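Quick notes on the structure that follows.
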């Protein structure tokens, strides 16, 4: 049975994801990467993301750092450019775990 402490820990583990997903600019960047089918090792560089989103390069770099720290994107280097791509498998598992824990807790405390 899920305890309150376990729920707190699960929410804490999801905090970086909630922060990353709670910003319109970051959602725009994720949308650009999704629309470009930037799964796996393809990806887009900052210039390509700039063209798709019409955001400044410094803004994109800042938001990509947050998305990367949250585990939603990763990067590979090719020459002097970094190519960013979606990496959502671990993030999805973390969010699903929280959902299942909440469901169990609510079922047992109804």
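We did not get these values from a lab; they are worked out from the coordinates using the rules stated. Being a predicted model, the structure only gives us computed values, none of them experimental. Positions of Cβ are generated from backbone atoms using ideal geometry, with glycine treated the same way; all protein chains shown enter the neighbour counts.
Structure summary
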quantity	calculated
Options 64, 30, 7, 17: the member that is in a helix (DSSP H, G or I), surrounded by fewer than 17 Cβ atoms within 10 Å (Cβ to Cβ) and in contact with a helix residue (DSSP H, G or I) (Cβ under 8 Å, 6 or more places away or on another chain)	7
Among residues of region 72-91, those that are in contact with a strand residue (DSSP E or B) (Cβ under 9 Å, 6 or more places away or on another chain) and free of Cβ contacts under 8 Å to residues at least 24 places away in the same chain, counted	4
Selected residue (only one of 24, 69, 51 is closer than 17 Å to residue 89 by Cα, without any contact (Cβ under 8 Å) to a residue 60 or more places away in the chain and surrounded by fewer than 16 Cβ atoms within 10 Å (Cβ to Cβ))	69
Which numbered condition residue 94 fails, given (1) touching a residue at least 12 places away in the same chain (Cβ under 8 Å); (2) assigned to a helix (DSSP H, G or I); (3) exposed (fewer than 14 other Cβ atoms within 10 Å of the Cβ)	(3)
